[in-house]
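Asks: Before we start, here is the structure in question, set down as structure tokens.
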Amino acid sequence: MSYKTTNDLMQHLRDNGIAISGETQKQQLVTTGYYHGYKGYRFFKSAGARLPFSSYQELYATIQYDSALKALFYGKMMFIETAVKNIALQDILENAQSESISDVLDRVVCSYNNSPANFTVEQKKRAQQNKLNLQRSIQSSLANAYAKGNPKITHFYNNPTYSGVPLWAFFEIMTMGDFGYLLSCLTFPVRKDISARIGLDLSNDTSCELLFRYIYALKDLRNAIAHNAVVFDTRFRNFDPTKAMKACLRSAIQLPYVNFKTIGDYVILMSYYLKLLQMPNSEILKFIEEFEHITETYRSEVNPAVASIVIHPDLTKRMEILKNYI
């Protein structure tokens, strides 16, 4: 198979209407990559929605914008993940009155026999299957951690004085997706209790699903950040927001709408959680203002046609509403 040198790729870009020249831009193309950079950032959300770049400078500015967003989000995302995990863990331990994983599965995880009274037979069967799936997922995670020699897990299996891995140790190795699934399997009273401890507004959430659905939403962004995938256009989103997910943020923050179609909605969700988790208001405001600064810098570096696609026209207004809420 044929391939192109860096000079060939530069000529290919010029042939496709992207002005690129000089050693600086050549080095930028080398470091960001033609395939990861140009191929990955030349469109918005889907390959059919090409961004109208006229120069490589605009493409490079888009890559830098995306990188700046990931750097900004990383620390706050880790804070949210750690805090919510710790709050949920404490609540689960107290409700199960045990740190044993088997006790937790029997006492606070929904199954055929402890599902709500109004559940149909099919719903009870689904709850039981979810419990079995959760049990299998936990054991698989522990087996993988042991095989890799993870000291947080081998410590328990290799020590004859321990009878099993406690739940809190499993929490140390679980992914955010695993965490969301565990939350979704908990009994309604326990989900409601954890939601209350966090401070989630349940007025629009009669099924008490916000607890895990927001975690799934954040998980998509977290994984994109961790794997250096594109985030600026929310192509990482793998869910359709429920009415409760949108209504909660609209009601709490007094927003005209929420749809998770733009990166601004994820800034809103993260800020909502940061406030619930009692991060100082000044720090949350700094986070929002830095997002605004990064975005405005990007706006100044690309042509208006690109900016109008990437930056939603009412972003500034919505960020002002968010800051007033904080």
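The values are calculated or read from the model by the stated rules, or taken from the named source; none is laboratory data. Nothing here was measured: the structure is a model prediction, and the numbers come from that model. All Cβ positions, glycine included, derive from the backbone under ideal geometry; neighbour counts span all protein chains shown. For the accessible areas, the whole protein counts, side chains as well, though only heavy atoms, and no ligand, DNA or RNA atoms are used. Shrake-Rupley method; radii C 1.70, N 1.55, O 1.52, S 1.80 Å.
Asks: Could you list, in sequence order, all residues of the stretch 65-97 that are at negative phi, among the polar types (S, T, N, Q) and surrounded by fewer than 17 Cβ atoms within 10 Å (Cβ to Cβ)?
Replies: Answer for the stretch 65-97, where residues must be at negative phi, among the polar types (S, T, N, Q) and surrounded by fewer than 17 Cβ atoms within 10 Å (Cβ to Cβ): Ser67, Thr82, Asn86, Gln90.
Asks: When both residues are 6+ apart or on different chains and their Cβ atoms are under 6 Å apart, which pairs have a first residue that lies in the stretch 299-312 and is closer than 15 Å to Gln57 by Cβ, and a second that is in a helix (DSSP H, G or I) and small (Gly, Ala, Ser)?
Replies: Close Cβ pairs (under 6 Å, with a partner that is in a helix (DSSP H, G or I) and small (Gly, Ala, Ser)) amount to Arg299/Ala307; Glu301/Ala61; Val302/Ala61.
Asks: Right, here's the next one. Counting just the residues of the stretch 183-201 that are aliphatic (A, V, I, L, M) and touching a helix residue (DSSP H, G or I) at 6+ places or on another chain (Cβ under 6 Å), which one comes out farthest from Met270 (Cα to Cα)?
Replies: The residue in question is Val190.
Asks: Can you name the number of the only condition in (1) under 30 Å from His36 (Cα atoms); (2) assigned to a helix (DSSP H, G or I) that Asn228 fails?
Replies: (2)
Asks: Being of a type outside the set (Lys, Arg), open to solvent by 40 Å² or more (accessible area, probe 1.4 Å), touching a residue at least 24 places away in the same chain (Cβ under 8 Å) and assigned to a helix (DSSP H, G or I), is that true of even one residue in the stretch 152-171?
Replies: yes
Asks: Let me ask something else about it. Might you check whether a residue that is open to solvent by less than 30 Å² (accessible area, probe 1.4 Å), in contact (Cβ under 8 Å) with a residue 40 or more places away in the chain and not in a helix (DSSP H, G or I) occurs anywhere in the stretch 51-60?
Replies: yes
Asks: Name the residue that is surrounded by the fewest Cβ atoms within 10 Å (Cβ to Cβ), counting only residues in the stretch 122-151 that are hydroxyl-bearing (Ser, Thr, Tyr) and touching a Phe, Trp or Tyr at 6+ places or on another chain (Cβ under 9 Å). Before the answer, list the steps.
Replies: The initial filter retains those residues of the stretch 122-151 that are hydroxyl-bearing (Ser, Thr, Tyr), namely 137, 140-141, 146.
Narrowing further to those that are touching a Phe, Trp or Tyr at 6+ places or on another chain (Cβ under 9 Å): 137, 141, 146.
Details: Ser137: 17, Ser141: 17, Tyr146: 15.
Selected residue: Tyr146.
Asks: Can you tell me which residue among Ser100, Ser111 is hydroxyl-bearing (Ser, Thr, Tyr), touching a residue at least 60 places away in the same chain (Cβ under 8 Å), in contact with a Leu (Cβ under 9 Å, 6 or more places away or on another chain) and open to solvent by less than 90 Å² (accessible area, probe 1.4 Å)?
Replies: Just one listed residue meets the conditions, Ser100.
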